[in-house]
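Worksheet: one structure, shown below.
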Amino acid sequence: MTGPLNIQAAAVLEGLSEVALLLAEDGTILHANRAASVLLGPGLAGTPVFALHDGEPGGLATYVDRCRGSRQPLVGTITLRSEGKYQCRGNVIGDGVIGNGAGRAVLLRLSRSDDAQFALLTRNLEALRDEVRARQRTEAILRESISERELLLRELQHRVNNNMQMLSGILSGAEREAESEEARAILGDTASRFAATGAVQQLLYASNTFNSIDLVAFVETLARAASSLAADPLVVETDVEPLQLPIGKAPSLALILNELLTNAVKYGMPARGTQKITVTLKVTGGMLELRVGDNGPGFGAASSAGGGRKRASGLGLVRGLLRQLGGSLAIEADAGARCVVRISHAQED
């Protein structure tokens, strides 16, 4: 029987990155380095190397016997039961490797053969292909789900838009049939507000997104609607920064702008010349700033027939909406009247 492995020899074997087995003359494993333990499992010492071979034992025995007579590495193969075919390089090593100096030991170093490397690569490619297919199926399901969601949202937007237009038409009809001036004024204002909200709904329905609308189209649409209320020729000029307005703010801002435009149309007629209304909407210092001005008599008490008081009291809805938005309203006088609205431009989640 052989003795324990020399300490220096054991250290050399452990330093090898490849699988290394030290065999006794009868093929028993004397020592397996760390790489061998990782590949084949622990406790290999005392196990015949032929027990690891999944092939003709005589061929491996002949190869090990040849290695005992050569100090130069001889090339062979071993088919491991759990790992497939490996290439071997084996040769006898010098005396003194085994503790008592008795016997001859064979160093067997294993590396994965080309066939094994190809088989491993093939398995990896198949696994990768299966993963790609699974991801493609998941992506197709998600695309279909998103498409269905968008279709449902479009249908919902279409129905809401139709309902808004129907209600606006009902209110306009009721305005025409009302007998008192006060009732006609209330119904007219309500119809106008429904029309403003409906315009936002129409813009959203026509857009490619569901969370914002184009600010330029938003202002121009409401400006055209307000212009139709004027009995005399009216000029409306707009200066709007090209931005996307979050849909959460759009209905409230539509009502605010509609109120300011309606107020300007009703009370902003100059004593002489053509009525002119200007609308600017831009982002300044993180705030969305809306300015609606006209060249009329303004909000002062000099307005005829108490019009100044009526004009100021007509902004109650604007102030109420701005309280909800955390915004502010300022009224300026500069060759007419100007209402300045400021609300936060922070993007919504």
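The values are calculated or read from the model by the stated rules, or taken from the named source; none is laboratory data. On a predicted model such as this, the values are computed, not experimentally measured, just so you know. Here the Cβ is made from the backbone with ideal geometry for all residues, glycine too, and neighbour counts use every protein chain on show. Ligands, DNA and RNA are stripped out before the accessible areas are found, and what is left, the full protein with its side chains, is counted by its heavy atoms. Shrake-Rupley method; radii C 1.70, N 1.55, O 1.52, S 1.80 Å.
General remarks:
- Residue in the stretch 32-39 that is over 20 Å from N91 (Cβ atoms), without any contact (Cβ under 8 Å) to a residue 12 or more places away in the chain and not in a loop (DSSP other than H, G, I, E, B) present: yes
- Tabulated pairs, the stretch 56-85, first farther than 21 Å from L39 by Cβ and touching a residue at least 24 places away in the same chain (Cβ under 8 Å), second part of a loop (DSSP other than H, G, I, E, B) and open to solvent by less than 40 Å² (accessible area, probe 1.4 Å), C-beta under 8 angstrom, 6+ apart or interchain: A61/G27
- For the stretch 31-49, residues that are in contact with a Gly (Cβ under 6 Å, 6 or more places away or on another chain) and β-branched (V, I, T) total 1.
- Residues that are of a type in the set (D, E, K, R) and more than 15 Å from V92 (Cβ to Cβ) were ranked within the stretch 40-75; the one that is surrounded by the most Cβ atoms within 10 Å (Cβ to Cβ) is D54.
- Set D130, D189: member being open to solvent by 50 Å² or more (accessible area, probe 1.4 Å), in a helix (DSSP H, G or I) and at pLDDT 70 or above: D130
- Here L142 passes the criteria (1) open to solvent by 40 Å² or more (accessible area, probe 1.4 Å); (2) modelled with pLDDT under 70 except the one numbered (2).
- Filter result for L13 (on the phi < 0 side of the Ramachandran plot, surrounded by 14 or more Cβ atoms within 10 Å (Cβ to Cβ) and outside any strand (DSSP E or B)): yes
- The listed residue being closer than 21 Å to A333 by Cβ, of a type outside the set (S, T, N, Q) and surrounded by 17 or more Cβ atoms within 10 Å (Cβ to Cβ), out of L257, L245: L257
- Qualifying positions in the stretch 299-343 - at positive phi and modelled with pLDDT of 80 or more: G326, G336
- Residue within the stretch 160-179 that is within 29 Å of the chain's Cα centre (by Cα) and modelled with pLDDT under 70 present: yes
- Matching residues in the stretch 224-241 - criterion: being open to solvent by 50 Å² or more (accessible area, probe 1.4 Å) and assigned to a strand (DSSP E or B): V235, E237, T238, D239
- Selection from the stretch 260-297 of residues that are among the small types (G, A, S), free of Cβ contacts under 8 Å to residues at least 60 places away in the same chain and open to solvent by 20 Å² or more (accessible area, probe 1.4 Å): A271, G273, G285
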